[in-house]
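The values are calculated or read from the model by the stated rules, or taken from the named source; none is laboratory data. Not measured: the values here are computed from a predicted model. Here Cβ is always computed from backbone atoms with ideal geometry, including for glycine, and neighbour counts include all displayed protein chains. Protein only, heavy atoms only, side chains kept; ligands, DNA and RNA dropped before computing areas. Shrake-Rupley method; radii C 1.70, N 1.55, O 1.52, S 1.80 Å.
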Amino acid sequence: MTRNPDLVSWHPASWQSKPALQQPEYPDKQALDTVVASLSRLPPLVVSWEIEALKEQIAAAQRGERFVLQGGDCAESFEDCHSDQIAKKLKILLQMSLVLLYGLKKPVVRIGRMAGQYAKPRSADTETRAGVTLPSYRGDIVNGPGFTPEDRAPDPQRLLRGYERSALTLNFVRALVDGGFADLHHPEYWDLDFMRHSPLKEAYEKIVHSISDALDFFEAASGSPIHEANRVAFYSSHEGLHLHYEQAQTRYIERRQRWYNLSTHLPWIGMRTAALDGAHVEYFRGIANPIGVKVGPAMSAEWVQGLIATLNPQNEPGRMVLIHRMGVKEIEKRLPPLIQAVRATGSPVLWMCDPMHGNTETASSGLKTRRFENIVAELEAAFRIHQEMGSWLGGVHFELTGDDVTECTGGARGLTDADLARAYRSQVDPRLNYEQALELAMRIAGLPTPRR
Ligand code: PEP
Ligand code: CO
């Protein structure tokens with residue numbers, strides 16, 4: 001790889017000379033510097049060859065040869081870093097990927113919003129309750145969710161705790177995947193307890209049996225196991241929001257002559273921090289990872305073209321993932337001009353649809369929710385629009401959990417606003433529960449789902 005002339009002025013801290021939105025105000029700057037220095041010395045969480053392998057897979061998805069499933073919590077919490085939660089999230093993602101593989105007949109790239117999804121953008125810097133004003137909760141890597149001055153004070157030590165939890169999570173996921181948990185011959189490992197009572201049980205089991213039969217058939221016919229299909233790769237991703245954290249994990253790989261963010265495989269730029277002249281775009285342009293950018297309804301054609309020119313000046317395949325999140329009301333109007341604008345650049349991108357973030361509303365109880373029917377409708381519109389325009393929608397991005405929460409309404413069980421309080425656990429955005437997530441995968445795969 002030749003040195004990129006666009007990057008002569010770039011270094012991992014060059015973002016600091018640009019306006020950085022959504023960053024916490026640390027009262028003790030010295031303490032922050034000390035933490036960033038220790039983070040910079042700790043070993044990386046991922047390595048460059050995994051990142052390059054993902055980039056190749058994303059390049060294949062850009063060509064229509066693969067489909068990407070990205071999902072996980074809106075925000076991971078330090079408290080939920082335990083085996084049961086992690087295994088359940090991995091299970092639902094593996095189940096969904098199996099359904100997508102079966103329906104779409106394409107290899108599925110699995111990417112968790114996991115092992116580092118700890119920093120959140122907020123619409124206001126402070127929150128006021130009963131006359132008391134405190135800093136907003138910005139995710140566990142910054143402060144705590146409790147409404148007390150102690151919890152809400154940004155604490156740089158949390159950056160180290162976040163790095164450690166990410167490492168613990170990734171270590172467990174890697175052990176499960178390498179140990180055979182993700183083996184396509186044993187999809188029964190991925191069953192979740194409440195599956196037994198689910199209206200989707202039969203449809204899902206049919207898929208599992210049909211895949212097992214197909215594997216058996218080909219292995220019998222060829223006389224050897226299908227190794228390629230045995231193990232599945234699993235990648236991590238998070239919003240690259242907290243720039244001191246991302247900077248600390250950015251390393252120069254001599255052999256490749258490029259800088260990599262080694263805290264995750266696929267960092268993404270959130271919608272609120274995608275300004276062309278902002279600190280986030282400055283940071284991201286210098287790292288060699290594949291990167292995501294959230295594309296919201298306010299984004300103009302020129303803005304998206306500017307992002308591509310700045311973030312992928314060499315038109316490298318597998319580099320750019322555009323995750324549109326328009327909302328069901330806006331997608332028809334907003335998406336087509338952007339598809340056209342991106343095509344005009346001639347630069348390869350992977351289009352993905354996030355049907356969650358444009359469809360958030362507040363229920364009468366005051367809880368944030370999303371309606372399953374709106375999520376499905378946005379997805380359907382997205383697939384149709386891309387197809388009509390001769391474009392390829394190569395992936396989906398969901399907020400989901402392996403738990404039986406009640407945060408989004410609708411789905412096969414017909415959750416209503418009145419059900420929300422029963423098991424609402426998210427500190428931030430409402431997630432699909434296990435059943436809703438599986439049902440969505442079935443819809444995308446074009447499979448029948450139970451009607452109520
Ligand atoms: C998110 O993915 O949790 C998020 C904040 O998304 P967006 O930047 O699209 O609003
Ligand atoms: Co969210």
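Projected label points at ASP216 and ASP191, each 7 Å from Cα along the beta carbon direction, are separated by 1.6 nanometres.
Over all other residues within a Cβ to Cβ distance under 13 Å of HIS197, the charged ones net out to -2, with Lys and Arg as +1 and Asp and Glu as -1. Taking GluC sites (Glu not before Pro) as exposed when DSSP calls them loop and at most 14 other C-beta atoms lie within 10 angstrom, the chain has its longest site-free stretch at 255-452. Accessible surface area normalised per residue over region 213-322 is 35 Å², counting heavy atoms of protein chains with a 1.4 Å rolling probe.
To the nearest 500 deg cm²/dmol, what mean residue ellipticity at 222 nm is calculated for the chain from DSSP H runs of n ≥ 4 alone, each contributing -39,500 (n - 2.57), summed and divided by the residues?
Helix contribution divided over all residues of the chain: -11500 deg cm²/dmol.
Just tell me which aspartates and glutamates come within less than 17 Å, Cα to Cα, of LYS105; anything on the same chain fewer than 8 places away is out. Straight-line reach from LYS105, under 17 Å: GLU65, ASP213, GLU228.
In the assembled protein chains, ARG319 presents an accessible area of approximately 10 Å² (probe radius 1.4 Å). By the Cα gyration tensor, region 107-240 has an equivalent ellipsoid whose semi-axes, rounded to whole angstrom, run 44, 18, 11 from largest to smallest. Look at where the Cα atoms of region 396-415 and of region 54-110 average out, and the two centres are 16 Å apart. Principal axis analysis of the Cα atoms in region 5-444 yields extents of 63, 54, 45 Å, listed in decreasing size. What the Cα convex hull of region 1-105 gives, in volume per residue, is 208 Å³. Share of carbon and sulfur in the accessible area of the chain stands at 52%, probe radius 1.4 Å.
Would you mind calculating the relative contact order of the chain from Cα pairs under 8 angstrom and at least 6 residues apart, reporting the percent as a whole number?
Relative contact order, the chain: 21 percent.
Restriction of the chymotrypsin sites (Phe, Trp or Tyr not before Pro) in region 135-170 to DSSP coil positions whose beta-carbon has at most 15 other beta-carbons within 10 angstrom yields PHE147.
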